[in-house]
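Input: a single structure, listed below in structure tokens.
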Amino acid sequence: MWPTTNGVRKLCGDEAKLIRGIIGMMVDQLVAESRQESDQQFYGIEWFDSCEVAQRLWLLDQVTDALLTDADPPSPAAMLEATIDAIFAELFDLIVMEIDDPALTPTSWRRSAVAAFECQNGRPPKVGLDSVDQEIWGLVVTQIADSILGVRLYQQAESFRDGDFKATQMFLQRKGLPDNFLQQIPPLQSVDQTQAVIDRIQSFLF
């Protein structure tokens, strides 16, 4: 479960279906990268992008478990918030691909985003499935992400990362975050551990 803006819960319905689809795409990309069959995909989120491929898979495993199962919420960590942000950056990239190449990519990701938005809000967003306005779709993706993540505390905390230690501690205490919120990093993984992570994620998705 994850502490969303609507309380601690696991995602369900079309909201969960969207997340499963995105994570599946990311895992495929990361597996291809690990086999040197593809270059790294960057999301502009340093907490995620700067990790080794096996660490990014580990992070996806952690948030997949948190978002899609009844497991207890994980301890708050900047790396986990950032990973969920990366998931929605991937969604926006997929929507842009649909818009840029309509002959090859139909409106499936836009359709899934609309369904997830309606699942969260009880109404569809004010955008047509055939809209090619990237700015509007970016807003839809942000609204879906906001419903799950709320305020990105990792982004706020980032400004304290290299600053005064006492100011950082005061910020973390004020937000009810653990002292190691900014220090937690994904563990290094062996080949066997990475394969176990991939298998576990796929068991959640399928």
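Some values worked out for this structure:
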item	result
Qualifying residue in segment 6-16 (condition: under 24 Å from Gln195 (Cβ atoms) and under 14 Å from the mean Cα position of the chain (by Cα))	no
Qualifying residue in segment 129-147 (condition: touching a strand residue (DSSP E or B) at 6+ places or on another chain (Cβ under 9 Å) and touching a residue at least 12 places away in the same chain (Cβ under 8 Å))	yes
In segment 31-61, the residues that are small (Gly, Ala, Ser) and under 10 Å from Val197 (Cβ atoms)	Ala54
Neighbours by Cβ (under 6 Å, 6+ apart or cross-chain): first from segment 105-121, touching a residue at least 12 places away in the same chain (Cβ under 8 Å) and within 16 Å of Phe88 (Cα to Cα); second open to solvent by less than 60 Å² (accessible area, probe 1.4 Å) and hydroxyl-bearing (Ser, Thr, Tyr)	Gln120/Ser147
Criterion violated by Thr83 - all others in (1) open to solvent by 10 Å² or more (accessible area, probe 1.4 Å); (2) within 21 Å of Glu158 (Cβ to Cβ); (3) in contact (Cβ under 8 Å) with a residue 12 or more places away in the chain satisfied	(1)
Among the residues listed as Asp28, Asp39, Asp72, the single one being open to solvent by 20 Å² or more (accessible area, probe 1.4 Å) and either in contact with a His (Cβ under 6 Å, 6 or more places away or on another chain) or within 26 Å of Val8 (Cβ to Cβ) (or both)	Asp72
Members of segment 12-55 found to be in contact with a Lys or Arg (Cβ under 9 Å, 6 or more places away or on another chain) and of a type in the set (A, V, I, L, M, F, W, C), listed by number	Ala16, Met26, Leu30, Phe48
Selection status of Phe42, part of a loop (DSSP other than H, G, I, E, B) and either closer than 13 Å to Phe88 by Cα or in contact (Cβ under 8 Å) with a residue 24 or more places away in the chain (or both)	yes
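The values are calculated or read from the model by the stated rules, or taken from the named source; none is laboratory data. Keep in mind that this is a model prediction, so the values were computed, not measured. Virtual Cβ from ideal backbone geometry, glycine too; neighbours counted across all protein chains shown. Ligands, DNA and RNA are stripped out before the accessible areas are found, and what is left, the full protein with its side chains, is counted by its heavy atoms. Shrake-Rupley method; radii C 1.70, N 1.55, O 1.52, S 1.80 Å.
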